[in-house]
1. Those residues that are surrounded by fewer than 22 Cβ atoms within 10 Å (Cβ to Cβ), touching a Gly at 6+ places or on another chain (Cβ under 8 Å) and not in a loop (DSSP other than H, G, I, E, B), I need them from the range 264-285; list them, please.
2. Does residue 236 satisfy being farther than 30 Å from residue 321 by Cβ, of a type in the set (Lys, Arg) and part of a helix (DSSP H, G or I)?
3. Scanning for something of a type in the set (Ser, Thr, Tyr), under 30 Å from residue 342 (Cβ atoms) and buried (at least 21 other Cβ atoms within 10 Å of the Cβ), does the range 129-148 turn up at least one residue?
4. For residue 302, indicate whether it is under 13 Å from the mean Cα position of the chain (by Cα) and either under 23 Å from residue 340 (Cα atoms) or modelled with pLDDT of 95 or more (or both).
5. Among the residues of the range 103-118, how many are crowded, with 24+ Cβ neighbours inside 10 Å and assigned to a helix (DSSP H, G or I)?
6. Do the conditions hold for residue 186, that is, is it surrounded by 20 or more Cβ atoms within 10 Å (Cβ to Cβ) and either aromatic (Phe, Trp, Tyr) or more than 20 Å from the chain's Cα centre (by Cα) (or both)?
7. In the range 329-338, how many residues are farther than 29 Å from residue 314 by Cα and at pLDDT 95 or above?
8. So, in the range 143-155, how many residues would count as being more than 14 Å from the chain's Cα centre (by Cα) and of a type in the set (Val, Ile, Thr)?
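The values are calculated or read from the model by the stated rules, or taken from the named source; none is laboratory data. Small disclaimer: the values here were computed from a predicted structure and weren't measured. All Cβ positions, glycine included, derive from the backbone under ideal geometry; neighbour counts span all protein chains shown.
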Amino acid sequence: MKKTAKIAAAAAALAVAGGGALYAALPTAHPTATTDQRLAAKQKPGKESPTAPAGARPFTLLATGDTIPYPSIIQQAADDAKGSGSADQSHDFRKILAGVKPLVAAADLAICHHEIPYGRPGGPYTGYPAFKAPHQLADALKDAGYDSCSTGSNHTLDDGYDGLVRTLDHLDRVGLKHVGSARSADEAKAPAVLSAGGAKVAQLDYTYGTNGIPLPSGKPWSVNLIDQNRIIADARAARAAGAHVVVLSVHWGTEWQTAPDQQQRDLAQALTASRGPDGLPDIDLIIGTHNHVPQPYEKINGTWVVFGMGDQIASFYETEKLRGNMSSIPRFTFTPSSAHPGRWEVSKAEYLTSFSDRGAPFRVVCTSCAAGDGGLGSAKRTEYAAVDKQVTEAVLSRGADKQGLVHATR
């Protein structure tokens, strides 16, 4: 298990959240020398997967949905910072995430989706349509136990290239790996590389677009845009560089739509069907973001696809958008493959449910964990059970339970 000290500290805390343009098309990243090089960087025919290291063992990988601090959430973080004793007193997001920290900290690898950029210190901090959040969010994500965050989204350039740089600098400051946006062409070439169970795990990330904001002049590499050929080439390059597991984060889909749209289904079909020279999948897991609402999980061509988790941190008040405060939390156990040494495969697929509770104070809670929380009142227990039921219906709407997906409660 990872971060044992954090797990012990967090165990008692288990208790029991973005606007954007509609996803209309799958734009392709404009061709660059880097993309062409990646397309050429294929393994030689017959090249085998990386050799499994001694002591290879199973590991868990957990992911959560879009982190979007709206002004009301930023205000809650400011309120929570009063008397918190943190080095930077202006905002503290740790209490907001405390309800899911035990789950995140217990996973061997935990991945967040960092939807928005950080503003300048002291603000102003803004909400939709151009987000700017306090950089103390990075400290809270690290404290919760995340290892890496995808940063490619339709809001990556909300504060321009400076905001992109500021965000990645702060993720570096706290020791969180990241992928999806970049400060240099070299950084854009590289996946986030993680380690667990003796496996080298490469995380890739791409977005459908940037809300019409042009990529910075002279910096076409600053945000990874969805391009099927590039994704496959990047996955193969990561595998050739020694990755035992390749995980794809992707910002796609139609907002507020539970069912995956045609472009999601087509891209998922193509990517999961892609095989390397060894005949094995190029990509081992696909994790989707952007839609604001939970979407289904489905095993396609033998590979699990989470079409959309929903927003982990959001604050919607309109009746028709309340489901935007609900999300799922996928957790996959990867086990060394006995049939293919050097590869890991999913041996257990699970999901939990989560809710941005807008009650005073605002908190993110694990709703599928709520049944075991004896401190909850009956009204909250009923509310959380209803959230759990609604998220579950979305997650299983394409038959994932019949494919082996399990509803976890802790």
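1. Listed by number, the list holds a single entry, 281.
2. In short, yes.
3. yes
4. Here the answer is no, as residue 302 does not meet what is asked.
5. So the first thing to find is which residues in the range 103-118 are crowded, with 24+ Cβ neighbours inside 10 Å, and the list is 103-105, 107, 109-118.
Checking the rest, the ones that are also assigned to a helix (DSSP H, G or I) come to 103-105.
Looking only at that region, the number is 3.
6. Judged against the criteria, residue 186 is not a match.
7. 4
8. Total satisfying the criteria: 0.
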